[in-house]
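For reference, the structure is listed below as structure tokens.
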Amino acid sequence: LRGSTSEAIDHFAQALRLHGEPLGKSWSSPCPELPRVEVPDSPLERTESPLHLVRALNNLALAARDAPEHRTCAERLYRSALALVDAELGAIHPVSIEVRFDYAEHLGQQDRFDEQFELLRPVRDASAIHFGEDSVPVAEALLALAALAVERENTASAIPLLRRSVELFARHCDEEGCPANYGVALLAVAELARHQGALEEAVPAYERACEQ
């Protein structure tokens, strides 16, 4: 649905109305400027579940941020989704982590790296609590934090984060392959090691990245 921004916005605006309106006076759309989509024959199921509403908010934000005229709206949608999921489901809920990653990506697209870092900082701990210390979500969180450290020109902090990320990703490789961002983490380690003149670390990391 994200391939066509206008269609995606219409679809997720419809979902937002379906899942938000049952809350009555306690609910109002963060973006009243978006087109009001009628839903008389919608195939979507109306529900009062906060989880469905959070997903509708987050999905609409993903669609809205692709349209320059709706980026301010996307920010309000992300903030509403995050406040709702934290209040109703808790900060360590997987959907809370998902919203934080999507919102952080939105901030990064605007070079708002300090805000991005503060948003993602709790994600590693939340991922470890919910998924386990050696999980792929923890590896993803470490990779995201390392990327932020690089953006802030703090390579000394980035290297150990990347090494740990690579280690965790590697633990989840099997005969069917490795996690999607394993190669990304390896390449990041290789690049930083090369810039520091540590070829003994850079070369094998490049080789392993090329295999992914």
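The values are calculated or read from the model by the stated rules, or taken from the named source; none is laboratory data. Small disclaimer: the values here were computed from a predicted structure and weren't measured. No Cβ is skipped: glycine too gets one built from the backbone with ideal geometry, and neighbour counts run over all protein chains shown. Only protein heavy atoms, including side chains, enter the accessible area calculation; ligands, DNA and RNA are left aside. Shrake-Rupley method; radii C 1.70, N 1.55, O 1.52, S 1.80 Å.
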Original post:
Does any residue in the stretch 108-136 that is in contact (Cβ under 8 Å) with a residue 24 or more places away in the chain come within less than 7 Å, Cβ to Cβ, of a residue that is buried (at least 16 other Cβ atoms within 10 Å of the Cβ) and not in a helix (DSSP H, G or I) six or more places away or on a different chain, and which pairs are these?
Top reply: 122/91; 126/91; 126/92; 127/135; 129/92; 130/92; 136/179
**OP:** Could you list, in sequence order, all residues of the stretch 155-199 that are open to solvent by less than 20 Å² (accessible area, probe 1.4 Å) and of a type in the set (S, T, N, Q)?
**Re:** 165
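Table: residues versus (1) modelled with pLDDT of 80 or more; (2) under 16 Å from the mean Cα position of the chain (by Cα).
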{"position": "32", "(1), (2)": "no, no"}
{"position": "35", "(1), (2)": "no, no"}
{"position": "46", "(1), (2)": "no, no"}
{"position": "61", "(1), (2)": "yes, yes"}
{"position": "64", "(1), (2)": "no, yes"}
{"position": "70", "(1), (2)": "no, no"}
{"position": "88", "(1), (2)": "yes, no"}
{"position": "95", "(1), (2)": "yes, yes"}
{"position": "105", "(1), (2)": "yes, yes"}
Original post:
Which of the residues belonging to the stretch 63-99 are closer than 19 Å to residue 117 by Cβ, free of Cβ contacts under 8 Å to residues at least 24 places away in the same chain and either of a type in the set (Gly, Ala, Ser) or open to solvent by less than 40 Å² (accessible area, probe 1.4 Å) (or both)?
Top reply: 82
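Residue 202 - would you say it is open to solvent by less than 30 Å² (accessible area, probe 1.4 Å), in contact with a Gly (Cβ under 6 Å, 6 or more places away or on another chain), at pLDDT 90 or above and farther than 22 Å from residue 62 by Cβ?
Working: open to solvent by less than 30 Å² (accessible area, probe 1.4 Å): yes; in contact with a Gly (Cβ under 6 Å, 6 or more places away or on another chain): no; at pLDDT 90 or above: yes; farther than 22 Å from residue 62 by Cβ: yes.
So residue 202 fails the test.
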